Amino acid sequence: MSTKEIHGLFGDEEILLASAKKLVSKGVYINDVFSPFPIHGIDPVIGVPATRLHIAGFIYGIVGLCLALFMFWFTLILDWPMNIGGKPNFSLLQNLPAFIPVTFEMTVFCAAHGMCVTYFLRNNIYPGKKSWNPDLRTTDDKFLMLIDLSENSMSAEEIEVILKETGAEEITQK
Amino acid sequence: MSSQEAWIREPLVLGDKSYHDISNDIARPIEGKANRQWWIAFTIALIAMLWGVGCILYTVGVGIGTWGLNKTVGWAWDITNFVWWVGIGHAGTLISAVLLLFRQKWRMAINRSAEAMTIFAVICAALFPGIHMGRIWMAYWVLPLPNQYGSLWVNFNSPLLWDVFAISTYFSVSLVFWYIGLIPDFATIRDRAAKAAKPISHTVYAIMSFGWSGNARAWHRFEEISLVLAGLATPLVLSVHTIVSMDFATSVIPGWHTTIFPPYFVAGAIFSGFAMVQTLMLVMRKVVSLEEYITINHVELMNKVIMLTGSIVGVAYITELFMSWYSGVEYEQYAFINRATGPYWWAYAAMMTCNVVSPQVFWSKKLRRNITFTFFLSIIVNIGMWFERFVIIVTSLHRDYLPSSWVMFYPTWVDIGIFVGTLGIFFTLFLLYARTFPVLPIAEVKSILKSTGSQYKK
């Protein structure tokens, strides 16, 4: 069976980070890194693009805001205006101060929940999804580097040598 | 190590822990069997909860005439308990969101349990307006539903409706914020269960962890969403208690109609919430032996927050008194004289002693770092904050504009039963949580180990 993937297992995130930098400088493409907690500084090294989750959140917030304004306008101005303490029931704009709290809540509600749904979709995680970390210890105290050979020109042996000399504890081929 | 922080700061993780030790320590209560004390506490909480459920069913069946409310005092224990529970919830969000924005690393030891406390407290709080409706099966009328459902459109000018939106947004956003943080830790528990060949718990935690694998892209998004949700939750938590205070402040009752209420209520909420966090954490760190993660240093830092917010509450009380005199409004002046010297003077005195005087002892470093004293004081603050709400609500109402309407409020056994019942619900949920959920954020504690662990500070 020919080797397709190399898994380099590390005991410390800083050693992995140094190793990743070395591999990348030699032109190796690291497909992914699995770790028990976020490793700061790994994203630019292995080429993780900056997420646009916050932009999505902003858009969801705007949607929530518009939804709230539409709701007030439709229910209390257009469909059934009521005289409540003599407040102007003919104009959304003039009645707006009383609507600010709900507008704010609706904005936050839509921004937060919309972002969470996007987060689950982008990470491709949901109840019933099977986990795909190659080693069970990566959610405990080990850090794993996954290198797909089909996307690299370097041979498995050459990569192994670099992994070994930069401090990988275990190297497995699959 | 490059990531170390200043030597002058005390370590946050004691006892020379490795990453694996952290997983072991936090997973131990979940993987082991419950001890005797847990079962005793759980049984008591469960009985209290069942008693409360019985009282609630009795109220729903017979009507709110079973409570001590009367024509003059239309709001009493129910709203007192509602505001008290909502306030307790606020500390959780403050710890997880505001302290995250301020980059306070000590929040890592307590944020998970504080957020759990928030969620359980909001459940207890939301119960009270629900059952106070009398006809709880009509509760969906608070939603903006079309006219043909029997009522008109809801009134978006009313603070009571703002509350519906504020509490439901707060509850649901806190819940997802908490759960997103839990997912990586459930994955740790899941993989440990797989290694230990425990198929049932592996299946359960595999579902709860959503298949989290800890890849770099997922962690990148995790950090982003945590930060943005914290940014959203911070104004949210301030808005929730602001809106709760507007339930009172927008009315024309003397003692309620004041602009100081929003900041005063928010400070009070954080004050009482931190006291409840102290009560829970001091017991929890002992019971599940997490003293090396929730250290004396953490206790002291929380006591500082209690002292600060307690002082803000004290200033608010005194400002209220001053403003009632300075306003020249005799109804307003009478309301405050009656609070302090009328038939409910003892409630006012309890509130002043517990909330204004008692937290000032925390100027002493020795007392701030004394576990027994802190526990005692956290209970005192919780009692004081309950009395604060009782004083604001009942003493403002019981002297109506016409002396012929002047009455006293006496709680019935149903009032008391429901309050005890919510304490039961709260502790039942918290005890179940402590046995099944990682009570400390495993991943986040690991991420601060190298900068704040004791072995890296030598």
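The values are calculated or read from the model by the stated rules, or taken from the named source; none is laboratory data. Just so you know, these numbers come straight off a predicted model, no measurement behind them. Cβ atoms come from the backbone with ideal geometry, glycine included; neighbour counts cover every protein chain shown.
For residues in the range B:131-158 being assigned to a helix (DSSP H, G or I) and surrounded by 16 or more Cβ atoms within 10 Å (Cβ to Cβ), which is modelled with the lowest pLDDT?
Applying the first criterion (assigned to a helix (DSSP H, G or I)) to the range B:131-158 yields B:131-132, B:136-142, B:147-149.
When the remaining residues are screened for being surrounded by 16 or more Cβ atoms within 10 Å (Cβ to Cβ), the result is B:131-132, B:142.
On the way: B:I131: 91, B:H132: 91, B:V142: 87.
Here the residue is B:V142.
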*Restricting attention to the range A:84-103, does a residue exist that is within 30 Å of the chain's Cα centre (by Cα) and either closer than 30 Å to A:I171 by Cβ or of a type in the set (F, W, Y) (or both)?*
no
*Could we say that B:G417 is assigned to a helix (DSSP H, G or I) and under 30 Å from B:N297 (Cβ atoms) here?*
no
*asked:* Among (1) among the hydroxyl-bearing types (S, T, Y); (2) away from chain A (no Cβ under 14 Å); (3) not in a loop (DSSP other than H, G, I, E, B), there is one condition B:T259 misses while meeting the rest; what is its number?
replied: (3)
_Six or more apart or on different chains, Cβ atoms under 9 Å: show the pairs whose first residue is in the range B:190-206 and modelled with pLDDT under 90 and whose second is assigned to a loop (DSSP other than H, G, I, E, B) and among the charged types (D, E, K, R)._
B:K195/A:D140
_Filter the range A:91-105 down to the residues that are more than 7 Å from chain B (Cβ to nearest Cβ) and crowded, with 19+ Cβ neighbours inside 10 Å and list them by number._
A:N95, A:T103
*Could you say whether any residue in the range B:388-396 is away from every other protein chain (no Cβ under 14 Å) and free of Cβ contacts under 8 Å to residues at least 40 places away in the same chain?*
no
*Does A:D141 fit the bill of being facing chain B (nearest Cβ under 7 Å), touching a residue at least 60 places away in the same chain (Cβ under 8 Å), surrounded by fewer than 21 Cβ atoms within 10 Å (Cβ to Cβ) and of a type outside the set (G, A, S)?*
yes
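With the condition kept exactly as written, say whether any residue in the range A:77-89 is of a type outside the set (S, T, Y), more than 9 Å from chain B (Cβ to nearest Cβ), assigned to a helix (DSSP H, G or I) and over 30 Å from B:G231 (Cα atoms). Working first, answer last.
First, pick out the residues of the range A:77-89 that are of a type outside the set (S, T, Y): A:77-89.
Okay, now just the ones that are also more than 9 Å from chain B (Cβ to nearest Cβ), so A:77-78, A:81, A:83, A:86, A:88-89.
The next check asks that each one be assigned to a helix (DSSP H, G or I); those that pass are A:77-78.
So of that shortlist, the ones also over 30 Å from B:G231 (Cα atoms) come out as A:77-78.
Yes, because at least one residue in the range A:77-89 is of a type outside the set (S, T, Y), more than 9 Å from chain B (Cβ to nearest Cβ), assigned to a helix (DSSP H, G or I) and over 30 Å from B:G231 (Cα atoms).
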*Would you please name the residue that is nearest to the other protein chains (Cβ to nearest Cβ), looking only at residues in the range A:129-138 that are among the basic types (K, R) and without any contact (Cβ under 8 Å) to a residue 24 or more places away in the chain?*
A:K129
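With respect to B:M276, is the statement that it is within 11 Å of another protein chain (Cβ to nearest Cβ) and in a helix (DSSP H, G or I) true? Even if it seems obvious, please write down each step before you answer.
Numbers: within 11 Å of another protein chain (Cβ to nearest Cβ): no; in a helix (DSSP H, G or I): yes.
So B:M276 fails the test.
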*Looking at the range B:164-177, which of its residues are more than 7 Å from every other protein chain (Cβ to nearest Cβ) and either buried (at least 22 other Cβ atoms within 10 Å of the Cβ) or not in a helix (DSSP H, G or I) (or both)?*
B:Y170, B:S174, B:F177
*What is the one condition in (1) buried (at least 20 other Cβ atoms within 10 Å of the Cβ); (2) at pLDDT 95 or above; (3) over 16 Å from B:I416 (Cβ atoms) that B:L46 does not satisfy?*
(1)
*Does A:T75 fit the bill of being hydroxyl-bearing (S, T, Y), buried (at least 19 other Cβ atoms within 10 Å of the Cβ), out of contact with any helix residue (DSSP H, G or I) (no Cβ under 7 Å at 6 or more places or on another chain) and farther than 25 Å from B:M246 by Cβ?*
no
*State whether one or more residues within the range B:207-223 are in a helix (DSSP H, G or I) and of a type in the set (S, T, Y).*
no
_Close pairs (6 angstrom Cβ cut-off, 6 or more residues apart or separate chains): aromatic (F, W, Y) in the range B:439-458, part of a helix (DSSP H, G or I) anywhere_ = B:Y456/B:K450
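Would you check if there is a residue in the range A:41-49 being outside any helix (DSSP H, G or I), surrounded by fewer than 20 Cβ atoms within 10 Å (Cβ to Cβ), touching a residue at least 60 places away in the same chain (Cβ under 8 Å) and within 10 Å of chain B (Cβ to nearest Cβ)?
Taking the range A:41-49 and keeping what is outside any helix (DSSP H, G or I), we get A:41, A:47-49.
Those still in the list that are surrounded by fewer than 20 Cβ atoms within 10 Å (Cβ to Cβ) too: A:41, A:47-49.
With the extra rule that they be touching a residue at least 60 places away in the same chain (Cβ under 8 Å), the set shrinks to none.
Among the residues of the range A:41-49, not one is outside any helix (DSSP H, G or I), surrounded by fewer than 20 Cβ atoms within 10 Å (Cβ to Cβ), touching a residue at least 60 places away in the same chain (Cβ under 8 Å) and within 10 Å of chain B (Cβ to nearest Cβ), which makes the answer no.
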